[in-house]
Amino acid sequence: MIAARGGRQSGAIALLLALSLMAGSGHAAPTPDTQDWPCQQRLVPTLGAGAFWPAPPLESAGDWKTEPKVAELVDRITPRRVSTDDGVAAIGAFAASLEASADKDRLLTLAFAGLLDETNRARADIISRLMELGRRQHDLADIASKESAELWALPAAGTAPEDAARRSDLEQRFAFVTQAFESTQRTMRYACEVPTTLEARLGRYARTLRDHL
């Protein structure tokens, strides 16, 4: 029983260490806005146009949603299921269809504005979900820590029936919490890549659009 308790205590330590790495993964000290961010990747809540599109200015181009061809392109290539290469090919075809248009540069600029808006919307959704997972991990780690402390507080041998029953209940609950924590960690390892992947795809889209200006 002592060995079993020691193994479970090691599990609790590993669990809390995982949380510590998760919570302290950022480059800066956590703030109220970032303390639940569970990813190794730096949190970038919103992508700005300047890093991708130095000119022409977006403000003077108009509203991308009022241009049917632009809106159709944006709707077609911003879903996460669309590969970057497929999106780049669609942009090339879109640009080719504008070769005879005096409005070409404005429409290409509007296409970037739409891609930026929709990419930020998709990233905001996944970031919100990751924050929820981060809060859940903190809660699970707190529960695991408390239950581990209760397990160690119980007598190691010669226990009364009620202590044995309490130990069995705590062990089962601790196992459940640990499994839930580890399952969420596996989910987050994939999900944490999504905001960065979307940012990189937007960069490819922007370069392709600029090449056709």
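Peptides 74-81, 196-203 ranked from most to least packed by the mean count of surrounding Cβ atoms within 10 Å: 196-203, 74-81.
Its Cα centre serving as origin, the range 82-177 has a Cβ charge dipole (Lys and Arg +1, Asp and Glu -1) of approximately 140 debye. Shown for the range 73-198: the carbon plus sulfur share of the solvent-accessible area, taken with all protein chains present and a 1.4 angstrom probe, equals 52%. Among 99-105, 142-148, sorting by the average number of other beta carbon atoms lying within 10 angstrom of each residue, highest first, gives 142-148, 99-105. Karplus-based coupling profile of the range 67-77, in residue order and whole Hz: 9, x, 5, 5, 4, 5, 4, 4, 5, 7, 10, with θ = phi - 60° in 6.51 cos²θ - 1.76 cosθ + 1.60 and x standing for Gly or Pro. From most to least packed by mean Cβ count within 10 Å, the peptides 54-61, 126-133 give 126-133, 54-61.
Ranking Thr119, Met131, Leu154 by how far each Cα lies toward the positive end of the dipole of the range 101-169 (charges on Cβ) leaves Thr119 at the top.
The values are calculated or read from the model by the stated rules, or taken from the named source; none is laboratory data. Model, not experiment: these values are computed from the prediction. Neighbour counts are summed over all protein chains in view; Cβ atoms, including those assigned to glycine, are modelled from backbone coordinates with ideal geometry. Surface areas here come from the heavy atoms of the whole protein model, side chains and all, with no ligands, DNA or RNA. Shrake-Rupley method; radii C 1.70, N 1.55, O 1.52, S 1.80 Å.
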